[in-house]
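For reference, the structure discussed in these notes is given below.
The numbers here are math on the coordinates, done by the rules we state, and not lab data. Everything numeric in this text was worked out from a predicted model, so none of it was measured. Note: ideal-geometry Cβ built from the backbone for every residue, glycine included; neighbour counts use all protein chains shown.
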Amino acid sequence: MVRQTLARAVLRTALIGGVFAGILSSSPPTRAGTVATPAPPPVMKSRPATPATRAYSMPVDFPAIVDRYGPAVVTIMTTGPDQQPGGPAFAILEPDDPLAGFFRRGAQPPAPPPPLMPGQGPQAPLPDTSPRAIAGSGSGFIVSPDGLILTSAHIVADATDVTVRLADRRDLKATVLAVDPQSDVAVLRVDATKLPFVRIGDSARVRAGEPVMTIGAPDGSGNTVTAGIVSATAHPLPDGSAFPFFQTDIAVNPDNSGGPVFNRAGEVIGIAVQVYTGADRYASTTFAIPIAFAMKVRAQAQAQMRTNAQAQRMSSLSSGNALGVDVQDVGAGLAAAFGLPRPVGALVNGVDPGSPAAAAGVRPGDVIVQFGDKPIGQAAELNDLAAALPPGGKVPLRLIRNRTPMRLTVTGAATGDAIDNA
């Protein structure tokens with residue numbers, strides 16, 4: 001019995017020793033006095049970050065965007081024949097307006113009213129559920145330092161006078177360069193330079209769910225900011241076409257309509273438009289006009305400006321102002337001021353850039369007293385003589401500058417040169 005117990009103890013000891021020997025033999029050899037460290041876990045390979053994933057992983061710093069681009073947001077104030085003072089006005093959307101098409105999705109035609117019973121009076125009118133966009137006042141934003149401004153077309157479409165209030169409280173008269181009802185974009189211009197302006201983004205990369213922010217200037221006293229997400233980037237219209245605007249859940253203040261919609265990178269990706277209805281389903285819905293639409297309208301407006309400048313230049317040439325100068329007669333008072341013995345000549349008020357007069361060195365304040373061998377008594381005589389100057393022909397000019405006689409040579413401009421310099 002004792003031998004069997006001893007044999008089992010020896011067998012158990014041998015088995016335990018074999019197990020430990022196997023473990024030690026599988027471990028890497030170590031130096032004396034050191035402890036073996038476990039092997040590190042395998043490293044997982046990460047996917048390279050694409051530009052899109054990097055953009056959407058950026059932290060949202062809306063306060064920094066407001067500080068940087070808030071000064072480029074302006075207040076737009078308009079007057080029109082039917083505008084009523086006191087509060088915002090609303091424009092009923094036309095049936096062919098793409099914004100109105102959104103609200104016709106799945107809408108059922110209204111049921112006819114029931115016939116009146118004998119002795120029954122007329123029923124109360126049904127509430128007006130026509131979609132309406134804000135008009136008459138709103139916001140806009142500067143897209144170039146020389147005064148180009150984008151806003152919603154509904155704000156300025158019927159205006160007879162448009163005033164823009166800048167962030168520095170200056171009120172400037174604005175010229176409406178373009179109004180595109182299909183894209184709901186309007187392009188304005190103010191006479192100013194070195195203005196703050198926004199950075200334009202890519203509206204084709206907008207995704208549903210991404211955070212966005214809009215800035216408005218409702219009364220010119222400062223920015224108002226609202227934020228949300230993109231609700232949807234596309235909707236089908238009843239006629240099968242695609243709804244051209246994307247939808248957001250931003251609760252835009254009424255006078256923020258027309259302001260910029262920013263993405264998390266501080267780029268403008270749209271123009272905010274808020275539409276109101278009397279129906280409970282669409283009490284107030286906010287859209288964003290893709291900035292790509294606005295940039296197309298801006299390019300068309302700039303092309304039209306160049307065409308108008310060329311036409312004005314050609315009209316100036318055909319009217320006899322071939323030199324490219326704005327002149328007036330010299331009266332007795334001006335003659336004394338310029339040191340002339342008698343009131344004759346043509347006083348130069350302005351010189352067109354790139355014109356023959358500018359190339360010859362004529363400056364505002366000069367008094368032209370002779371064209372070739374013909375003395376100039378009145379400004380109209382200079383225009384008549386300049387109109388007869390052939391293209392490329394050279395004629396000497398005699399003028400008085402700072403009471404000093406001078407002599408210049410002017411060269412007649414060809415028609416093509418006039419267009420190129422416009």
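Using a cut-off of 11 Å between beta-carbons, work out the net charge of the residues near Thr233 (Lys and Arg +1, Asp and Glu -1, Thr233 not included).
Computed value for this residue: +1.
Step through the residues of segment 146-163 one at a time and calculate ³J(HN,Hα) from phi using the Karplus curve (6.51 cos²θ - 1.76 cosθ + 1.60, θ = phi - 60°), rounding each to whole Hz and writing x for Gly and Pro.
My calculation for segment 146-163 gives 8, x, 7, 10, 10, 7, 7, 5, 4, 6, 10, 4, 10, 7, 9, 8, 10, 10 Hz in order.
Check Phe141: other-chain or 5+ apart residues with amide H under 5 Å from its amide H, H built from backbone geometry?
Here Val74, Leu150 satisfy the definition.
How much net charge surrounds Ile155 when only other residues with a Cβ under 11 Å from its Cβ are counted (Lys, Arg +1; Asp, Glu -1)?
Surrounding charge for Ile155 is -3.
Collect residues whose amide H, placed 1.01 Å from N in the peptide plane, falls under 5 Å from the amide H of Gly147; neighbours closer than 5 in sequence don't count.
Hits under the 5 Å cutoff: Leu195.
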